[in-house]
Amino acid sequence: MKHWIRRSFKTRIFYTVLLVSLLPLVICDVIMLPILIAHSETKIAQESRQQMALIQDALSGLLEPLNEALPALAQDEVVRGALTGDEAETGALYPRLFQAATDTGFYAGIGLFDAAGVCRYAINGIDVGAKLYVNWGVLRAAGQTDEPVYADGADDIVFYAAQAVRDAQGSAVGYVVFAVNETKADQLFSILSDTSADILLLNASWEPLYSSQPALGDTVAAALRQQLWDGKKLTGSGGEFAYFVQRETTSGYFLVVQKPKTFTATLIHAFYFISILKGALCLLLCFWGAWLLSRHLSRPIRELNTAMGAVERGHYAVRLKEDREDELGKLAEGFNRMTREYSLNLQRSVQRQKELNDTRLRMMQAQLNPHFLYNTLDVMKWLGTTNNIPVIAAMATDLAFILRSSITGNNLIPLQTELDLVEHYVNIQNVRFEDRFTCEIDVPEAYQRCLVPKLVLQPLVENAILHGVAGQDDGYIKLSALQEQETLVITVADNGCGMSAEVLDMLNSPDKRIHGGHLGLYNVDRIIKLYFGNNYGITAQSGPEGGSRVSVRLPMTREEANDAQGSDR
Amino acid sequence: MKLRATALLLCFVLAAAPNYTFAESVDDYAPADNGRLVIYTSHKVEIYQPIIREFEQRTGIWVQVVSGGTNDMLKQIALESDYPQADLMFGGGVESLNAYSDYFAELPADICGGLDTHAAVGKKWLPFSLLPIVLIYNRKLVTQPPESWADLLDSRWSGSIAYAKPDVSGSSYTALITLLLAVPGEDENILRAFYQNLEGKLLDSSGDVVGAVSDGDCAIGITLEETALKGIAAGKEIGIVYPADGTSNVPDGIAIVKGCAHWDNALTFIRFVLGEDVQRRLITTYYRHSVLSSLAGEDTQAQEMRLLDYDIQWASDQKSSILTQWNALAAGE
């Protein structure tokens, strides 16, 4: 599993997205909902306790005075007298009944029933002449004891409280009966009429006596009683309400407060249904997000990978798309720059190799017929000697030396050899120019063994002769050498006509162009640069009153050290 | 590793989520098993409820009531015979209780001391109240009401007798047997004469009889005294005739389910409903007659009523054959 997740970018992204999107959801649903429910239920329970206390107080406010009034009336001589038939006492009777009614807050009707169960005197809602069975219900219960008794009412009477009135022999001569009807009970419990709470008053067997809503008594009380019977929790008939129960000790009745739950079963089911929907939606979003993200991230990396492979196989022209501005975009840019630079370098090195080859080719071509020429020159030398024309003999000898130097196998030769070559060349040119210039070679002995490319000084001297001192009668050319750190600088100076600024610029610019008449200089520069790199080459200077100096800069390499290398070439 | 840690965290979160269910603990309020009683009843709620509530108030025993039709309740008891849920069957004609006597327990002999001699006493059931069959008539339509069962065969009442199907209504069947007992002659002939006099007019329910007579649909009817008296109390203009040749006084009964869980409470309940307080209320409140001989003096109507010697066992045994004859008459029409 872990391995599988780590194997690809896509699955990693998917699981990350899944985790970050589902975890808060799960936390919300699994922790928050129960906490919310618990909170709301605690709040309801708190409220209910307060409301329960209120109605408990209300009920006690009726039952406690009633419990005192019942024995008081039952043992009152006037009451006993009235029930045993002494009509004269009624004048004193009613004030007593009204006093009892006042004490009990006028919540109960009061009646005096005779031994046959017929009401003889009554106030506050009970009719005189009404009949109760003495062997049933409240009167029977009152007849069994000398204490106040409570019994279920009938029709609109919620409950009765009664006590027997007994004569001296202890037999019941009548009953004092308090009756609380529904209207009175409504008043009694009206303290909660503004709230969402409903009240049930149940008898000891959990049968309904009173309910603040008519439907409660029939259905809810039956459901609660059934739940109590089955030993279940009190959830009522629909599960939409919470119930709180308190027993009233005087009467043994139960007060039940019904409060609507904030989180009903339907709501919780709906909540969980929505949660599952949300989860499913999250999952879909995860797939979508992972797909998008992975495409966004893995595509450029895959492309980079492919491009890298192509580069490895030698396809340097491969380029990545640069359509992004993020890190991956920069990576692509860097890759492109790298391959561009690499291919450019390659191109340059190929070009250089090609040029080197061309130069070699030219040099080899130049060597094509040297032997024939050399032999010819030898013949010419002997002809000059035998015909007594020493100039021709000398020229032929010089030219032959130059030719021999040209055809030696070594490209790098000691400076001394090159200087000899220059000397021979100058000799030839002196014949041509009828000694109108002199050439002085002033190279210290120390540098004579330094290695230089073959035929690099001759073109310089040739240039100084042809473009410098050619038109003069007292031309002077000086060839000198000096060392600047590890660089050997060989300078050819003349006192000729100098160089135009244009030519100077051309010669001193790093990118020299072939210029008519200075091809020799250009070739020398190229050869040096090809051998030793761009740090070396030729530079030219020209004085304002004529004369020019062309310097060749070369690395200082001695013959001994580079003998082997030189002979390889 | 990381994955395992995440899973662990998730488990912890799930376990930590509060399992908060909320309802007050009220177990103490319900009585222990010995303070309970389960009653199956076919009585109407206005009869059983006051009686049971008075019983609960007097004894503190909690009663659970399951109510329904007599046959449904008895079938239910038969169905549950292996694991009886009910303790008592309260109500239902004693013929029906007799038919299901296999499912009822034998009652102690001393429990039925004060019962009226008229009330049949079975070993497995006891009568609770007496329900005579009476004739009723529309007081505006009928100036000379029928006086006896024999009058029902008079062509004067052809097609104007409100009578429910005896194969559907228990009281109708009782009435049919009473007719056979009261009118001398061959049962088959009496049945045919009575059927012909009905002219095929048979009501679907015994509850429709009072309405049919008071509406003038029928001039006279045959029903239970209780039903007739309730109709009069509700303002129906009908008169009652106690047949001069006597009537049946078939009781509804009460029986304890065999193997019940609350035997003592069931006996307490039987003693209570067969006690004077409840029996007196039958007379004063429920338009019924008491099964107690001690209360005979308080029941003037019962004193005047002439009763036939109605053999419940015989009626029960003959039920299928008589109904077969009856249905043959209906089919032969």
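Computed from the C-alpha gyration tensor, the three semi-axes of the ellipsoid equivalent to the stretch A:389-432 are 21, 11, 6 Å, from longest to shortest.
Taking chain B as the reference, fit the longest principal axis to its C-alpha atoms, fit the long axis of helix B:70-79 to the helix C-alpha atoms, and give the angle between the two in degrees, 0 to 90, nearest 10. Approximately 40 degrees, to the nearest ten. Using the Cβ-Cβ distance between A:Ala310 and A:Asp474 with R0 set to 56 Å, the FRET efficiency works out to roughly 0.25. Residues B:Phe104, A:Phe178, A:Phe106, arranged from fewest to most other Cβ atoms within 10 angstrom of their Cβ, appear as A:Phe106, B:Phe104, A:Phe178.
Convex hull volume of the C-alpha atoms in the stretch A:61-105, normalised per residue: 50 Å³.
Take each residue in A:33-42, count the other chain C-beta atoms within 10 Å of its C-beta, and the mean is 3. Count Lys and Arg as plus one, Asp and Glu as minus one, and take only other residues whose Cβ is under 11 Å from that of A:Val318; the net charge is then +1.
Computed from the C-beta positions of A:Glu147 and A:His3, the FRET efficiency with R₀ = 56 Å rounds to 0.10.
This model, with +1 at the C-beta of Lys and Arg and -1 at the C-beta of Asp and Glu, gives the stretch B:175-239 a dipole about its Cα centre of some 120 debye. Taking every Cα-Cα distance in the stretch B:200-252 and sorting them into 5 Å bins starting at zero, the pair-distance distribution P(r) comes out as 4, 18, 30, 23, 18, 6, 0 percent. Remark: C-alpha extents of the stretch A:336-483 on the principal axes read 74, 35, 33 Å, sorted largest to smallest. Mean residue ellipticity at 222 nm, helices only, the protein assembly as shown: -15500 deg cm²/dmol; runs of at least 4 DSSP H residues each add -39,500 (n - 2.57), and the sum is divided by the number of residues. Taking 0.36 nm per residue of sequence separation and removing the Cα-Cα distance, the A:Ile27/A:Met556 pair yields an extension gain of 182.4 nm. Remark on B:Val250: its backbone amide H falls under 5 Å from those of B:Leu131, B:Ile133, a criterion applied only to residues 5 or more positions apart or on other chains, H modelled at 1.01 Å from N. Each eigenvalue of the Cα gyration tensor of the stretch A:137-250, multiplied by 5 and square-rooted, gives one semi-axis; in descending order these are 32, 16, 11 Å. Only one residue of A:Leu192, A:Thr385, B:Ser129 has its Cα farthest out toward the positive end of the dipole of the protein assembly as shown, where Lys and Arg carry +1 and Asp and Glu -1 on Cβ, and that residue is A:Thr385. Dipole magnitude for the protein assembly as shown: about 5460 debye, using +1 per Lys or Arg Cβ and -1 per Asp or Glu Cβ, origin at the Cα centre. Taking Cα atoms only, the orientation of helix B:263-273 departs from the longest principal axis of chain B by about 40 degrees. For the stretch B:308-313, the Karplus equation 6.51 cos²θ - 1.76 cosθ + 1.60, evaluated at θ = phi - 60°, returns couplings of 8, 7, 8, 8, 4, 4 Hz by residue, with Gly and Pro reported as x. If you take all other residues with their beta carbon under 10 Å from the beta carbon of B:Ile283, and give Lys and Arg +1 and Asp and Glu -1, the sum is +1. If the chain linking A:Arg432 and A:Leu519 were pulled fully straight, counting 0.36 nm for each residue of separation and taking away their Cα-Cα distance, it would gain 29.2 nm. For A:Asn181, the amide hydrogen comes within under 5 Å of the amide hydrogens of A:Gly109, A:Val158, counting only partners 5 or more places away or on other chains and with H modelled in the peptide plane. Straight-line cross-link partners of A:Lys330 among the lysines, defined as a Cα under 23 Å from its Cα and at least 8 positions apart when in the same chain: A:Lys10, A:Lys321.
When the Cα centres of the stretch B:33-53 and the stretch A:299-336 are compared, how far apart do they sit, in Å? Here the answer is 91 Å between Cα centres. Of A:Ala58, A:Ser40, A:Val79, which is farthest along the charge dipole of the stretch A:37-95 in the positive direction, counting Lys and Arg as +1 and Asp and Glu as -1 at C-beta? Towards the positive end, the residue furthest out is A:Ser40. Taking label points 7 Å from Cα along the Cα-to-Cβ direction, B:Gln318 and A:Thr249 give a separation of 6.6 nm. Given the pairs B:Lys44/B:Lys75; A:Lys131/B:Lys165; A:Lys184/B:Lys230; A:Lys184/A:Lys232; B:Lys44/B:Lys236; B:Lys236/B:Lys319, which span a C-alpha to C-alpha distance of over 30 angstrom in this model? Pairs exceeding the cut-off: A:Lys131/B:Lys165; A:Lys184/B:Lys230; A:Lys184/A:Lys232; B:Lys236/B:Lys319.
Comparing A:Asn523, A:Leu23, A:Ala154 along the charge dipole axis of chain A, the residue lying farthest to the positive side is A:Asn523, per the Cβ-charge model. Summarising the amide proton neighbourhood of B:Val257: residues at separation of 5 or more, or on other chains, whose placed amide H is nearer than 5 Å comprise B:Leu88, B:Met89, B:Ala105.
Here the stretch A:451-502 is assigned +1 on the Cβ of each Lys and Arg and -1 on the Cβ of each Asp and Glu. Its dipole about the Cα centre then comes out at about 160 debye. Between the helical axis of B:2-16 and the longest alpha-carbon principal axis of chain B there is an angle of about 50 degrees. Among B:Asp277, A:Asp103, the order by Cβ neighbours within 10 angstrom, fewest to most, reads A:Asp103, B:Asp277.
By the rule of a C-alpha distance below 20 Å, with chain neighbours fewer than 8 residues away ignored, the lysines paired with A:Lys529 are A:Lys354, A:Lys454, A:Lys512. The phi torsions of the stretch B:183-194, fed into the Karplus equation with coefficients 6.51, -1.76 and 1.60 and a -60° offset, translate into couplings of 8, x, x, 5, 4, 4, 5, 5, 4, 5, 4, 5 Hz, rounded to whole numbers, with Gly and Pro shown as x.
Stokes-Einstein diffusion of the stretch A:287-379 at 20 °C, 1.002 mPa s viscosity, Kirkwood radius from Cα pairs, rounded to a whole number: 123 µm²/s.
The per residue volume of the convex hull around the alpha-carbon atoms of chain A is 286 Å³. When each full DSSP H helix of chain A is screened for a Cα extent of at least 15 Å along its own axis and an average Kyte-Doolittle hydropathy of at least -0.5, the helices passing are A:9-26, A:33-74, A:90-103, A:265-312, A:370-386, A:390-407, A:415-432, A:519-532. Local charge for B:Phe104 was computed over the other residues whose Cβ lies under 12 Å away, with Lys and Arg +1 and Asp and Glu -1, and equals 0. Listed values for the stretch B:41-53 are Karplus-derived 3J(HN,Hα) couplings in whole Hz (6.51 cos²θ - 1.76 cosθ + 1.60, θ = phi - 60°), namely 9, 10, 5, 6, 4, 5, 8, 6, 5, x, 5, 5, 5, and x replaces Gly and Pro.
Straight Cα distances below 18 angstrom link B:Lys140 to the aspartates and glutamates B:Asp215, B:Asp217, B:Glu237, with same-chain residues fewer than 8 positions distant left out.
Each reported figure results from applying straightforward, stated rules to the coordinates on display, with no laboratory input. Given the structure is predicted, the values throughout are model-derived calculations rather than measurements. When we count neighbours, we look across all protein chains shown, and the Cβ atoms used for this are built from the backbone with ideal geometry, even at glycine.
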